[in-house]
Amino acid sequence: MNERRRQAERSSETRALLVHATVSLLQSEGFAGTTTARIARRAGVTTGALHHHFSGKDDLMIAVLDASTARVRSLLERGPTGAGAGFDARHLVDHLWQAYGDEAYWAVWEIIIGTRASEALHERVVEHRRNTVRSVVHPWIEQFVPSDRGRPDAIALFEFMLIAIRGLSLERFLHDDAAYFERHLGLLAEMIDARLSGLVDGCGRAAPLDPGANED
């Protein structure tokens with residue numbers, strides 16, 4: 001049993017090394033320059049070991065997206081806006097910026113842009129995005145907006161917020177002034193907070209859509 005556990009741990013460590021190497025190469029060499037041979041070399045493993053864990057470059061790209069999704073899920077689950085906490089748009093925006101504003105997120109952009117010429121792989125990337133929204137965003141929103149009537153608007157706002165934050169991350173290649181990002185993140189948080197104030201009250205519960213709904 002111990003040997004089996006050690007093998008599983010070694011396998012997990014090797015996969016993590018390969019994903020990390022892929023992210024690093026995507027940042028420095030771009031999508032086209034990120035080959036399996038280079039990934040294996042940077043990870044310090046043989047190409048045979050790489051193909052033992054991943055069938056090829058396509059699967060490694062999806063693994064990078066999986067890692068990005070896992071980080072966003074972790075930030076939401078352990079953040080100040082988790083279950084039982086009040087909704088705080090500024091904390092949420094700042095928390096998500098840790099993932100989308102990080103230099104490592106450029107690897108995701110390289111995958112999105114680099115796969116546009118490959119219909120099959122690009123469709124996998126698009127479907128991965130849809131699954132992330134369904135499995136991570138929707139359940140998290142339900143904590144604060146349990147009302148079926150208000151939830152579609154809340155989900156649309158959350159998706160808009162992600163679009164804005166991800167777009168702002170591209171500005172990192174044009175600006176290096178922290179105040180620039182602080183200003184725009186603050187504006188985004190104010191907008192989201194104002195729009196959601198009719199759906200979520202200060203305790204993180206669904207606000208009544210009709211003020212007179214509970215009156216006799």
The one condition in (1) open to solvent by 20 Å² or more (accessible area, probe 1.4 Å); (2) touching a helix residue (DSSP H, G or I) at 6+ places or on another chain (Cβ under 9 Å) that Leu65 fails to fulfil: (1)
Region 180-202, residues that are assigned to a helix (DSSP H, G or I) and open to solvent by less than 50 Å² (accessible area, probe 1.4 Å): Tyr180, Phe181, Leu185, Gly186, Leu188, Ala189, Ile192, Leu196
Checking Gly167 against (1) open to solvent by less than 50 Å² (accessible area, probe 1.4 Å); (2) part of a helix (DSSP H, G or I); (3) modelled with pLDDT under 90, the condition it does not meet: (3)
Unique residue being part of a helix (DSSP H, G or I), loosely packed, with under 13 Cβ neighbours inside 10 Å, out of contact with any Gly (no Cβ under 9 Å at 6 or more places or on another chain) and polar (S, T, N, Q) when the list is Ser12, Ser24: Ser12
Enumeration of residues in region 132-146 that are open to solvent by less than 70 Å² (accessible area, probe 1.4 Å) and under 20 Å from the mean Cα position of the chain (by Cα): Thr132, Val133, Ser135, Val136, Val137, His138, Pro139, Trp140, Ile141, Phe144
Enumeration of residues in region 103-116 that are open to solvent by less than 60 Å² (accessible area, probe 1.4 Å) and modelled with pLDDT under 90: Ala104
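Which is within 24 Å of Leu188 (Cβ to Cβ) and open to solvent by 40 Å² or more (accessible area, probe 1.4 Å), of Arg124, Arg149, Arg41, Arg90? Please lay out each step first, then the result.
Numbers: Arg124 fails: within 24 Å of Leu188 (Cβ to Cβ); Arg149 fails: within 24 Å of Leu188 (Cβ to Cβ); Arg41 fails: within 24 Å of Leu188 (Cβ to Cβ).
None of the other options fit; the residue is Arg90.
The values are calculated or read from the model by the stated rules, or taken from the named source; none is laboratory data. Since the model is a prediction, treat every value here as computed from it, not as a measurement. As a convention, Cβ positions derive from the backbone with ideal geometry for all residues, glycine included, and neighbour counts pool all protein chains shown. Side chains are part of the model used for accessible areas, which takes the heavy atoms of the whole protein and leaves out ligands, DNA and RNA. Shrake-Rupley method; radii C 1.70, N 1.55, O 1.52, S 1.80 Å.
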